[in-house]
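Trainee: To start, I am sharing the structure in question, which I have written as structure tokens.
The values are calculated or read from the model by the stated rules, or taken from the named source; none is laboratory data. Just so we're clear, the structure is a prediction, and the values are computed from it rather than from any experiment. Quick reminder, even Gly has a Cβ in these numbers, built from the backbone with ideal geometry, and neighbours come from all protein chains shown. With ligands, DNA and RNA removed, areas are computed over all heavy atoms of the protein, side chains included. Shrake-Rupley method; radii C 1.70, N 1.55, O 1.52, S 1.80 Å.
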Amino acid sequence: MPVAATNDFTEPAVAPVASSTSLRQIASHPLTLRFVSFGLLLVAWEYAGRIPISVAFPTFLETMRGLLDMAGDGSLLKAFLITLKPLIAGLMISIALGVGLGLLMGLSRFSEWLLGPIFIIAQAAPLAALIPVLTFAYGIGLTAKIMTVCIMAMPVIVMNTLSAVRNTPVSLVEMGRAFLGTRSQIITRIILPAASPMIFAGLRLGAAAAFIGIVLAELLITPTGIGDLISYHQSVADYPKMYASIFSIIVFSVLFIECLERVETVLFRPEKHAS
Amino acid sequence: MIASLANVAPHPGTAAQGSAIVSVRNIKKTYPGGVEALSGITLDFPEGQLTTLLGPSGCGKTTLLKIIAGLLPATSGEVLVGGRTVTGPGPERSFVFQDFALMPWASVLRNVAFGLELRGVRKSEREAIAVGHIAKVGLKGFEYKYPHELSGGMRQRVGLARALAVDSAVIMMDEPFSAVDEQTRRKFQEDLLGLIANEKKTFLFVTHSIEEAVYVSDRIVLLSRRPSRVSTIIEPKLDRSGDPEGIRRDPAYLDAVEGIWQSLKKYLD
């Protein structure tokens, strides 16, 4: 009864309310805010390019034209394939070794005592300063670039995995023991799933650091891939294409990290996509 | 496991007067840092009864329960379960945790079946067992929900179903209702009486609520303040056959609550 009464009361106002709520729904959708903020940035870019604030600063539309040109003649794809090789290799090594070492340190006080300080320093230090040393030691080839990606990405992955393991709720581990779980069952079925959100947060940070590493390597060691596109177009003063190269690696890195988040939700957090 | 316990208690039918299934012998516990939690506790827990450890907060009730569970080592003394010395957790004991200890990434079904999963019981078999216990604690239809979709009371029902699913002779409950709101707690206490009557298991219960202790227990062990000793053992003789609400109006219930309050009062400053 009270429900019906309310309906009667609001009946005349239904149509306008509906349209304004749907507008409000669109406005309050998190994606809307993102698009608006990106849109404003791009408009500001376009405007700044048209003033122009510098001859070396192309407008957004010129940059997009440069991007299309490079996509069309295949140079962008070729550059990405070259860049991806050390990036993916370095990231794979960092993830495998980083998660492994983090787990080891999280599970044994001795290994934390042994290895912890190295990674605490590595995480805080500006490791890009080591790039000349790596070049000296490993030459200008693939190895030095993979190493650069590793030193950038690994510390944050290790430290996040370590604290993820340490933050496993005590009562869950106690529960595992009370129900007769073996040490390895408790690690694989309780500690790892409990730690996975924080490990993945570390992987996302690690992936972002890996992108920094590969761009630094390609700009500082020898220009290859995207680094080559950036420095080549800078040297011939083709600024739209130079900006387009920078733009493309930024977009790619953001999408890559977004994908990593999806993978985590699908594989490890069934409760997040449950009905 | 059931066979070994049968040696200890050949007549489960006479469980009310049963022999001790769990015996605590002169247990002392001193935490590193010198805090003495338990100073020489000797206690018997009769088979088939619900025995409650009751005492002021911080008196070491939970510590004692975890020592019996094999989750904490005692500094000295020994715990016997079914005549055997406890060195760690065992299949004849299961535990219900104060904070539920449910795995947030696992469905109700997997959480309830988890004890069996760890023991290597086949998936189809353990899930069939779990479904039965989920229904028994009143959560039929929630098998594929996740803990965050349940209320506190429902989560603890999952914790209880998980303990029942491994079919242990002794079930230990560490302040199971302390994180549950008052209304839910009352309903849960009533349902618990029904479950206890059907299960014929030994329950060890820890609580700081006098009313709760008297309501559910066959025997109440009052512990003194830290370092704690057994202060008194009370056996409230309540008729639990009738209406579960009626118990709360039973003069015997009210007298027992009052009596315990009088003896615990002296530990409060």
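Trainee: I'd like the mean, over residues of A:167-177, of how many other protein chain beta carbons sit within 10 Å of each residue's own Cβ.
Mentor: For this peptide, the per-residue mean of nearby foreign Cβ atoms is 5.
Trainee: Right, something else. For segment B:197-269 and segment A:137-171, what is the separation of their Cα centres, given in Å?
Mentor: For segment B:197-269 versus segment A:137-171, the Cα centre distance is 56 Å.
Trainee: Could you tell me the distance between the Cα centroids of segment B:34-63 and segment A:215-238, to the nearest Å?
Mentor: 72
Trainee: With solvent modelled as a 1.4 Å probe, how much accessible area in total do chains B and A shield from it at their shared surface, in Å² to the nearest 100?
Mentor: The B and A chains share an interface burying roughly 2100 Å².
Trainee: Using only atoms on other chains, find how many Cβ atoms lie within 10 Å of each Cβ of peptide B:102-115 and report the average. The partial results should precede the final answer.
Mentor: On the way: counts 3, 9, 8, 10, 5, 3, 0, 0, 2, 1, 0, 0, 6, 6.
The mean count of partner-chain Cβ atoms within 10 Å per residue comes to 4.
Trainee: What is the gain in length, in nm to one decimal, between B:Glu235 and B:Asp181 on full extension, counting 0.36 nm per residue of separation less the C-alpha to C-alpha distance?
Mentor: Full extension of this stretch gives 16.7 nm more.
Trainee: Please state the shape class of segment B:88-150: rounded when a/c is under 1.5, otherwise prolate if a/b exceeds b/c and oblate if not, all from the C-alpha gyration tensor.
Mentor: It comes out oblate by the Cα gyration axes.
Trainee: In chain B, which whole DSSP H runs stretch at least 15 Å along their own axis (Cα) and average 1.0 or higher on the Kyte-Doolittle scale?
Mentor: B:108-118
Trainee: Heavy-atom accessible area of A:Ser94 with all protein chains present, probe 1.4 Å, nearest 10 Å²?
Mentor: 0
Trainee: Using a ≥ b ≥ c from the Cα gyration tensor of chain A (square roots of the eigenvalues), is it rounded, prolate or oblate, where a/c under 1.5 gives rounded and otherwise the larger of a/b and b/c decides, a/b for prolate?
Mentor: oblate
Trainee: Work out which residues of segment B:129-164 lose at minimum 40 square angstrom of accessible surface when the other protein chains are put back, relative to the chain isolated, with a 1.4 angstrom probe, and list them by number.
Mentor: B:Tyr146
Trainee: Give the lysines reachable from B:Lys123 as a straight Cα distance under 25 Å; neighbours fewer than 8 places away on the same chain don't count.
Mentor: A:Lys272, B:Lys136, B:Lys140, B:Lys145
Trainee: Which of A:Ile199, A:Leu33, A:Pro169 sits closest to the plus end of the dipole of chain A, meaning its Cα is farthest towards the positive end, when Lys and Arg get +1 and Asp and Glu get -1 on the C-beta?
Mentor: Value computed over the given set: A:Pro169.
Trainee: Charges only on Cβ, +1 for Lys and Arg, -1 for Asp and Glu: so what's the dipole of segment B:144-211 about the Cα centre, in debye to the nearest 20?
Mentor: 200
Trainee: I've got another one for you. Ignoring ligands, DNA and RNA, what accessible area per residue does the protein assembly as shown give at 1.4 Å, in Å²?
Mentor: Per-residue value: 49 Å².
Trainee: Measure off, as a whole percent, the carbon and sulfur share of the 1.4 Å-probe accessible area of segment A:217-275, all protein chains present. It would help to have the intermediate numbers written out before the result.
Mentor: On the way: 2120 of 3240 Å².
Here it works out to 65 percent.
Trainee: Calculate, axis by axis, the spread of Cα positions in the protein assembly as shown along the three principal axes, and write the results as whole Å, longest axis first.
Mentor: Sorted from largest, the Cα extents of the protein assembly as shown read 96, 75, 52 Å.
Trainee: Under a cut-off of 20 Å between alpha-carbon atoms, report the lysines in cross-link reach of B:Lys61, not counting same-chain residues fewer than 8 places apart.
Mentor: By straight Cα distance, B:Lys61 reaches B:Lys28, B:Lys29, B:Lys265, B:Lys266.
Trainee: Another question, if that's okay. Rounded, prolate or oblate, given the Cα gyration tensor of segment A:18-113, with a/c below 1.5 counting as rounded?
Mentor: Cα axes put segment A:18-113 in the oblate bin.
Trainee: Now for a separate question. If you count only protein heavy atoms and use a 1.4 Å probe, how large is the accessible surface of A:Ile120, to the nearest 10 Å²?
Mentor: Taking all protein chains as shown, A:Ile120 has close to 100 Å².
Trainee: Could you pull out every one of the lysines with an alpha carbon less than 22 Å from that of A:Lys78, ignoring same-chain neighbours closer than 8 positions?
Mentor: A:Lys145, A:Lys241
Trainee: Additional query: What dipole magnitude, in Debye to the nearest 20, does the protein assembly as shown give about its Cα centre under +1 on Lys/Arg Cβ and -1 on Asp/Glu Cβ?
Mentor: 1100
Trainee: If I take R0 = 51 Å and measure r between the Cβ atoms of B:Leu193 and A:Leu142 in this structure, what FRET efficiency does the formula 1/(1 + (r/R0)^6) give, to the nearest 0.05?
Mentor: The pair B:Leu193/A:Leu142 has a calculated efficiency of 0.10.
Trainee: Right, here's the next one. List the trypsin sites (Lys or Arg not before Pro) within segment B:106-167 that DSSP assigns to loop and that have no more than 15 neighbouring Cβ atoms inside 10 Å.
Mentor: Those satisfying the criteria are B:Arg119, B:Arg122, B:Lys140.
Trainee: Let me ask something additional. Return a whole-number percent for the relative contact order of chain B, with Cα pairs under 8 Å and 6 or more residues apart as the contact set.
Mentor: The normalised contact order for chain B reaches 24 percent.
Trainee: By Kyte-Doolittle mean hydropathy of at least 0.0 and Cα axial length of at least 30 Å, which whole DSSP H helices of chain A are selected?
Mentor: Helices passing the filter in chain A: A:30-50, A:75-107, A:142-166, A:192-220, A:239-268.
Trainee: Shifting gears a bit: How large a share of the accessible area of segment B:66-121, in percent, is made up of carbon and sulfur atoms when the probe is 1.4 Å and the other protein chains stay in place?
Mentor: Numbers: 940 of 1810 Å².
Ligands and nucleic acids excluded, carbon and sulfur give 52 percent.
Trainee: How much accessible surface does A:Met154 have with a 1.4 Å probe, in Å² rounded to 10?
Mentor: 30
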